[in-house]
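No lab work stands behind these numbers, since they all come straight from the coordinates. All figures in this text were calculated on a predicted structure; none of them were measured in a lab. Here the Cβ positions follow ideal geometry from the backbone for every residue, glycine too, while neighbour counts run over all protein chains shown.
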Amino acid sequence: MSNKVIVIGAGIAGLAAANYFVQNGYNDFVVLEASNYIGGRIKTMPFQKSFIEIGAQWMHGTENNPVYDIAASIDAVDDSTDKADNMYYSTQDGQKLDEKIVEAIQKETADIMENLGERVDESDSTQSIGSLLDESYRDIEANHESEIDASIIKGIFRAAFNNERFESSCDDLHELSSNGWNNFETLGGNLFCNNKYGYSKITDYLASQVPEELIKLNQVVEKIDWSGDEVVVSVYDNSEQKRKSFTGKVVLCTVSLGVLKRSHTQLFKPKLPQNKIQSIDRLGFGTVNKIFVIFEKNFEPDFQGVQIIWNDDLGFELQRSKKKWNLDNTEFYKAFDNFDKIPNHKNILLGFTAGKNAEYIEKLDDECVLDVISELLERSFPYANLPKPVKVIRSRWNSNAFTRGAYSYIKVGSSIEDMNNLAETIDNKLFFAGEATIYQYLGTVHGAYSSGFSKAEEILASLRNTYED
Ligand SMILES: Cc1cc2nc3c(=O)[nH]c(=O)nc-3n(C[C@H](O)[C@H](O)[C@H](O)COP(=O)(O)OP(=O)(O)OC[C@H]3O[C@@H](n4cnc5c(N)ncnc54)[C@H](O)[C@@H]3O)c2cc1C
């Protein structure tokens, strides 16, 4: 089979590229997708007459955001606001904390995050975000006058900094480089804008603009041979259960950095240039998972969620679930702290996990995870009268062979130059796009979309120069 352009991956970057081609009257391409669905890390699952988002949820910014513009053009933006704001805060032994006091301290942590950019500017670029946050915390600790215990203040800070681990997908903020922190561009407008019908509505829409036969699912790319004049892409076709190959002039590779880290050696023949390999190795790509906890009954209308403030001064061990499941890891459950209600559902709470604990939790049975969370909620919020948790639904982005994690970050020892290296075209034949290739918007849907769109533009210009003279 022969098409001039072979796009690998039908995530948002690959679909953006396909849309650019179609919009410019160019149909000599094919998109090869390993999974049986389009969207990659955008994955909306229908649930209880509505949906839940296994991957991306928010459009981060409503100004100059091409993804928001698409959502708006197809009337898929969710403008509704949930007024519920009743949060319960407790230490793990069930001591209820005053909401106002906790939220005042949370405001201090938010201010620290807001001003972190200045601290980054003043520091040398080898410092990690974790060490800068440690410094900020020590300053606050030294000057803090509060009626609340120091160990609880520490717990609240830890929970807030934990949130940054979900945002960056690193295991430990001491691995997150300050290099590039101030190069990340935040778009204007609503930074947490929801999709009315789920994020997959956008990827479905993008796919619907492309002739059906040009997007092929279940095609696992095993080898990209760019040694000759043409690029030969070998795939295992999972639906026909056989190997085949596609030949083209150029390849646009949009697989995740996690997939590149695991398999660039087997994937490319000849091997990628050394500077690209070094950048792939140096950059960070971590795990973030979502755990949806389904409860037997709806919550009270004003209920928003719960947060466990882990207090180091209190001993704590799982009891019932530890015994039942013979759990030897005594730390992983501290990954659970915040559980929030999600849009369109009255009986679901969503928790996030990141890093090594998230990877450990991926390997546990659903029933075990349900037992652990049920025990944690019972012991931490005995007074809250929560309904009974009955089921969990969760992502396993690290075990997913076509993702191998959640999103990229600039790890200590790497820099935005590594993302530029990743984006660099090789020999006018191998083009790269995707979330990890665009440092200004790394880890976002709009970043991945923009990278795919602009690489497609580059590819068309290059093909026209080469073949139309
Ligand atoms: C839990 C989670 C929450 C997130 N939340 C948000 C959010 O709220 N807002 C936001 O903006 N971003 C969020 N993101 C990030 C966002 O989802 C990604 O940045 C974006 O979707 C990446 O798109 P992509 O096209 O670069 O990569 P992908 O979506 O990974 O697409 C790459 C495609 O390549 C395919 N592929 C891989 N290997 C092969 C192979 N060998 N052969 C053929 N095909 C292959 C994959 O199956 C996949 O479909 C979140 C991500 C996760 C995991």
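Under conditions of 20 °C and 1.002 mPa s, segment 99-180 yields 162 µm² s⁻¹ as its translational diffusion coefficient, taking Rh as the Kirkwood radius over Cα pairs in the Stokes-Einstein equation. Of the cross-linked pairs Lys323/Lys391; Lys276/Lys334; Lys242/Lys269; Lys49/Lys83; Lys4/Lys290; Lys100/Lys322, those separated by over 31 Å at the C-alpha level are Lys276/Lys334; Lys4/Lys290; Lys100/Lys322. Structural descriptor for the chain: relative contact order 26 percent, calculated from alpha carbon pairs under 8 angstrom and at least 6 residues apart. With K and R counted +1 and D and E -1, the other residues having a Cβ less than 14 Å from that of Asn194 yield a net charge of -3. Exposure proxy shown here: for Lys223, Lys322, the number of other Cβ atoms within 10 Å sets the order, fewest to most, as Lys223, Lys322. When peptides 131-140, 157-166, 400-409, 63-72 are ranked by their average number of other Cβ atoms within 10 Å per residue, the highest-first order is 400-409, 157-166, 63-72, 131-140.
Here, the chain is characterised by an Rg to Rh ratio of 0.99, where Rg is the alpha-carbon radius of gyration and Rh the Kirkwood radius. Within segment 320-395, the GluC sites (Glu not before Pro) that combine a DSSP coil assignment with at most 10 other C-beta atoms in a 10 angstrom radius are Glu331.
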